[in-house]
Every structure is written in C-alpha cells, then in structure tokens.
Amino acid sequence: MRIAFFAPHKHIDHPLPSGDLIIGRTLHDFLQAQGHELLIASRARLRHITGKPLEWPGLFLELQRTLKRVRDFNPDIWLTYHSYYKSPDLLGPYISAKLGIPYAIYQGVFATKYRRNLRTWPGYMINKHALLHADHVFANKKLDFENLSRIILPQKLTRTHVGIKTEQFSYNSDGEAEIRRKHSLDGKQVILSAAMLREDVKAESITDLINAFAPLSKKYPQVVLLIAGDGEARSRLQDFAAQKAGNRIHFLGRIKREELHKYYSAADLFAYPGINEALGMVYLEAQCCGLPVVAYSTSGPEEAVAHGQTGLLSPEKNLPSLTANLEKLLIDSDLRAAMSKAAPVRIKKHFDLSDNLLKVECKLNEISHWRY
C-alpha cells in the first residue's frame, strides 16, 4: 500500500516533543515497518491557520506543490493524522478528490461548541468539511467517537485506541537502582510527574500538583516529588515549587523517552492532574511500568486510568481531593501493590500498540482498493 501521510497539527519529525507527536510518528513508523510505502505529503503546519491570513498565499502555493508531489508518488490512499478545529485538514480532501483516491482520517475530532464562537467557527467548518468527505475516520477516544457518530455513518467510523510499545515500558530493577542512586532517593517515597512545561494547561496542571503536594511535604518528610519535562514555564514553576515545598520538589528537565522507564521504575506512584488532557501517553507508560496514577477525572485520564483499580481520579480543580488521593496511595501500601499489579495487565490488554494499529492497517488496506 502506498500512503500519502499528512499531519496538519504538527509534522511527525517536528523537534518539539508531545503526546500527539508520539502518536502520529508511531502510526507512520508502524505502517512503514509493515512494508507499506509512505510519503510525507506536506510538512505545512496548519495550527490556527484560519487566524493567520498572511500565511494563506503561502498555503495556496504549498497546496499546488503538494498536489504535484502526491501525484508523482501515485498513492493508493491519503491518510491524515489528527484533524480538528485548531488544525483542520485543508489539503487532504481537495487532493484526494483531485486524484480520485480514498481519504482517511486517524484521530478525527469533532465538537459542536466551536461553531458558537466567531474565532473558532472557521476552523470548525473546515474540519467538519474534512470529516464529512473522509471515506473513513478513526476515533481514538470514547468522547470523540460519540461526537463523530452524530455526523459520520457507522460504516465509515471505527473506534480504536492509541497505544504504547508495552515491551518498552516495564518495571526495571536496575533502572530503579540507577535513578535512586543518581538522585539520592534511598529511603524516600517518590511521586513522579512528567509533562511539557508550557505556559498553558500543562503548567496549570503542574501548578495544581504542586499545591496538592505542598501539605504532604510538611506531613511526610520522606516523600519527594520529581517532575520530568522542560519548557518556558519551568523557571517560574521551580520558583513556585520552592515557595510551596522547599527542596522537596525536584525538576529533572527533559528526559529521553527511552530513559523514562527507569524513572517510572524508581517511583512509587505517578501524578499529573491532566487539565484538558486528550489522553496522555505518560498515563499509559507509567501504568505499564506498574505505577498507580493520581489525576483529575477529565476525559483523557478517565479513559487511560481505571478509577479504583489502577489509580485514583478526582473532580477537576478539586485540590483537597487531589491531595487526599496522593496521601491515600502514599500510606496504603496494600492498595498501591494491588494497583501496581493491575495496571500493566490493563494496559497490555487495551493499549498494546501493535494490536491496535493492526486493526487500523486492516481497515486502510480495505479502503485503499476503492477508486473514484
């Protein structure tokens, strides 16, 4: 199968890491490893493109270049990764129709609330147009599937799940010893968090975690909070953490993804509130390594974590509840052990990357034979 691949939100070799980038890159690499030939149709980034009129002439030129590039490649199908109102796919519907090839969207997102705002309405309409013209749409989340079901015929919509390479995220005793020795963690209980430290909901989530941890830092002198990740908010958050909890919160900076399993292995639990979190690959990775999770019961964490079985979720912005859940897992070793045992089993059952993407590949193979 020859696939023209496009990621309008962020091209898959973008240097700035994120969960979305990991999912898109993983999808691309999986299909390539299965023997399919993929072309990056365009590296145009369409994030907030409807509000950037100065970029529209350049986008028109990119459309013409992409059409030629894809026509020369002669694909069997066009596959767009992640189209939604902020980054609607402006290229795929036009080019696939022009070339008479099937058009598919992986991780389609649709929400009618964005039609009510003049600022978001253009992106909403362009994204809706792309979804309606797709031959097939894959929805990675329960909420997205329910919303898409309102405008997409059942035979054109597949509920799938994102996933991780579970073999890369398992408890590692040597890694635990290495990280505990490196950061002088012997005799400590460790809460680990990981996020991009951007000045948005990411920083807001870390701020809530710091506030929730602060009273525990005074009550339990053996407990520390480690925060992995980097970004423009890091310096401000470090100052705030020092004010709230002294030297009990340590910022690790950016950790290579292939090293993360060592940090998960060295921790006792994972905590990241997840305000407005789409899903959060870190929740899957942490659980696969045997860590119970503490988060808010927003749509992303709620899908990734089984409340009461593999972690504890609390209402969004309810800091006392967030603190109580952290404390419960810190002091209840039996509950922690039970969740540590259940978490990897659930992740391997529902979020194994190879299993989930094989189903996507099968559907793409089916529709790639359609021609117009």
**Prompt:** Which one is nearest to Ile95 (Cα to Cα), of the residues in the stretch 129-152 that are out of contact with any strand residue (DSSP E or B) (no Cβ under 6 Å at 6 or more places or on another chain) and outside any helix (DSSP H, G or I)?
**Reply:** Ile151
**Request:** Among the numbered conditions (1) surrounded by 17 or more Cβ atoms within 10 Å (Cβ to Cβ); (2) out of contact with any helix residue (DSSP H, G or I) (no Cβ under 7 Å at 6 or more places or on another chain); (3) hydrophobic (A, V, I, L, M, F, W, C), tell me where Leu31 comes up short.
**Result:** (2)
**Asked** Could you give every pair whose Cβ atoms fall below 9 Å, whose first residue belongs to the stretch 313-326 and is on the phi > 0 side of the Ramachandran plot, and whose second residue is assigned to a loop (DSSP other than H, G, I, E, B) and β-branched (Val, Ile, Thr), counting only separations of at least 6 or pairs across chains?
**Response** Lys317/Ile275
**Message:** I'd like to check which helices (runs of 4 or more DSSP H) are fully inside the stretch 1-105 and have at least 2 residues that are closer than 28 Å to Leu118 by Cα.
**Reply:** 56-73, 92-99
**Request:** Name the single residue, out of those in the stretch 281-338 being in a strand (DSSP E or B) and of a type outside the set (A, V, I, L, M), that is surrounded by the fewest Cβ atoms within 10 Å (Cβ to Cβ).
**Result:** His307
**Residue ID - modelled with the highest pLDDT, chosen from residues in the stretch 12-62 that are of a type in the set (S, T, N, Q) and over 26 Å from Asn74 (Cα atoms)** = Thr50
**Asked** Looking at Tyr85, Tyr106, which is the one that is under 30 Å from Tyr264 (Cβ atoms), in contact with a Phe, Trp or Tyr (Cβ under 7 Å, 6 or more places away or on another chain) and among the hydroxyl-bearing types (Ser, Thr, Tyr)?
**Response** Tyr106
**Asked** Which residue pairs have Cβ atoms under 8 Å apart, sit 6 or more places apart or on different chains, and have a first residue in the stretch 22-38 that is without any contact (Cβ under 8 Å) to a residue 24 or more places away in the chain and a second that is not in a helix (DSSP H, G or I)?
**Response** Arg25/Ile12; Arg25/Asp13; Gln32/Leu38
**Members of the stretch 238-278 that are in a loop (DSSP other than H, G, I, E, B) and within 25 Å of the chain's Cα centre (by Cα)** = Arg254, Ile255, Lys256, Ala267, Asp268, Tyr272, Pro273, Gly274, Ile275, Asn276, Glu277, Ala278
**Fill in**
Filtering the stretch 156-172 down to residues that are part of a helix (DSSP H, G or I) and modelled with pLDDT of 95 or more yields Lys156
**Request:** Please find, among Arg69, Arg65, Arg115, the residue that is surrounded by fewer than 18 Cβ atoms within 10 Å (Cβ to Cβ), at pLDDT below 95 and either in the same structural domain as Leu357 (by TED's automatic domain parsing) or touching a Leu at 6+ places or on another chain (Cβ under 6 Å) (or both).
**Result:** Arg115
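The values are calculated or read from the model by the stated rules, or taken from the named source; none is laboratory data. Since this is a predicted model, take the numbers as computed values, not measurements. We place every Cβ from the backbone using ideal geometry, glycine too, and count neighbours over all the protein chains shown.
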